[in-house]
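Notes for the one structure printed next.
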Amino acid sequence: MNNQAIGIFDSGVGGLSVWQELIKLMPSESMYYYADSANCPYGEKSPSEIVDLSSRIVDFLLEKDCKLVVVACNTATSAAISELRRRYNLPIIGIEPAIKPAALLTQTGKVGVIATQGTLKGEKFKNTRNRYAQNVEVWVQIGYGLVELVEAGKADSPQAYDLLSQYLNPMLAQGVDQIVLGCTHYPFLIPTIEQIIGKQAQVINPAIAVARHTLLVLQHHALKSDSRQVPDYQFFSSKDELELQAFVATIAPQFAKQKFVKMPL
Ligand code: DGL
């Protein structure tokens, strides 16, 4: 048993879509969330910059005595997870576009993936695609501008609708029936995405699978907390803790009174 916190990080607020699933599945685990909003977006940064930023965040989470780290960012997973696992001696869990379930679920044999440039151009995505999507057509689209809209609290704005229409309509026209959200910011766009795709396609968000995998890893390493523990939730932002707090208040109002701290890298 281990009552230390799980550390979670992202380039910004996107990883909160993973945090939401983690707290649902593991209500007695303490969680410390780090949003690197000062350096957001990561999508167009070089892998070495992302390794550097991610390492500084993991250093901070280790100072806070975290027992495990969830990289709640596809871009950082793609660029940095191998190096993080090499550098740090604790379990580190990542997130990748859920191509495998999409390839299993598609009826049309056509799958769409929307993610950042870093994720789609990365080696990891190429490997996953080759491994699981041999028998399906994969349409990829870089989601330029979407992360910024989510960070600004504009996930259901007309701008978001317009950009998403521009990105998704060509895939729909090709007959895609699964849309893989390959960036943790995008689940906050689901209501807008669903307005566009209607019943033609379904959205695949890997956050639930990541939460389940995290639980298995905790069990495997005997790191689960005491089930009677009252969890401690803390939130850190490299940019503005009040902006982070305002975002949390919109997605999970019951957590708006937790501890929010500005913590530049
Ligand atoms: N949430 C990050 C991801 O999953 C966003 C990347 C960015 O900052 O561009 O890829």
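No lab work stands behind these numbers, since they all come straight from the coordinates. A quick note: this is a predicted structure, and the numbers were derived from the prediction, not measured. Because the Cβ atoms are built from the backbone with ideal geometry, glycine has one as well, and the counts that use them run over all protein chains shown.
For L16, what charge total do you get from the other residues with a beta carbon under 12 Å from its beta carbon, if Lys and Arg give +1 and Asp and Glu give -1? Surrounding charge for L16 is -3.
Extension gain, N169 to I251, is 26.8 nm, computed as 0.36 nm per intervening residue step minus the present C-alpha separation. Cut-off 10 angstrom, C-alpha nodes, Gaussian network model of the chain. Which of S54, S225, S11 fluctuates the most? Per the Cα network of the chain with a 10 Å cutoff, S225 tops the list. Considering only V138, T192, V150, the residue lying farthest towards the positive end of the dipole of the stretch 138-234 is V138, judged by Cα position with unit charges set on Cβ. Once the Cα-Cα distance is subtracted from the 0.36 nm per residue extended length, the R131 to R228 segment shows a gain of 30.8 nm.
Contact order for the stretch 1-55, expressed relative to its length and based on alpha carbon pairs under 8 Å spaced 6+ residues apart, stands at 42 percent.
Rounding to the nearest 10 and keeping the result within 0 to 90°, find how far the Cα-based axis of helix 241-251 lies from the longest principal axis of the chain. The answer is roughly 60 degrees.
Each label was represented as a point 7 Å from its Cα along the Cα-to-Cβ direction; for E123 and E194 these points are 3.9 nm apart. A simple spin-label model places pseudo-atoms 7 Å from Cα toward Cβ; at N2 and D162 they are separated by 4.9 nm. For the chain, the relative contact order works out to 28 percent when only alpha carbon pairs closer than 8 Å and six or more residues apart are counted. Projecting the Cα positions of A35, V18, V51 onto the charge dipole of the stretch 10-125 (unit charges on Cβ atoms of Lys, Arg, Asp and Glu, taken about the Cα centre) puts V18 furthest along the positive direction.
The chymotrypsin sites (Phe, Trp or Tyr not before Pro) of the stretch 211-262 include none that meets both conditions, a loop assignment by DSSP and at most 14 other Cβ atoms within 10 Å of the site Cβ.
Take 216-224, 182-190, 237-245 and order them by the average number of nearby Cβ atoms within 10 Å per residue, most first; the result is 182-190, 237-245, 216-224. Using only side-chain charges placed at the Cβ, +1 for Lys and Arg and -1 for Asp and Glu, the dipole size of the chain relative to its Cα centre rounds to 700 debye.
In loop segments of the stretch 3-71 as defined by DSSP, the trypsin sites (Lys or Arg not before Pro) with at most 16 further C-beta atoms inside 10 Å of their C-beta are K64.
Relative to the longest principal axis of the C-alpha atoms of the chain, give the angle of the C-alpha long axis of helix 158-173, reported between 0 and 90° and rounded to the nearest 10°. For 158-173 against the chain, the angle is about 50 degrees. Within a straight-line Cα-Cα reach of under 22 Å, K64 can be paired with the following lysines, leaving aside sequence neighbours fewer than 8 residues apart in one chain: K224, K239, K257, K259, K262. Taking amide H as placed 1.01 Å from N in the peptide plane, the amide H of C73 sits under 5 Å from that of I95, each at least 5 places away or on another chain.
Between the residues Q159, Q117, A5, the greatest Cα displacement towards the positive end of the dipole of the chain, with unit charges on the Cβ of Lys, Arg, Asp and Glu, is found for A5.
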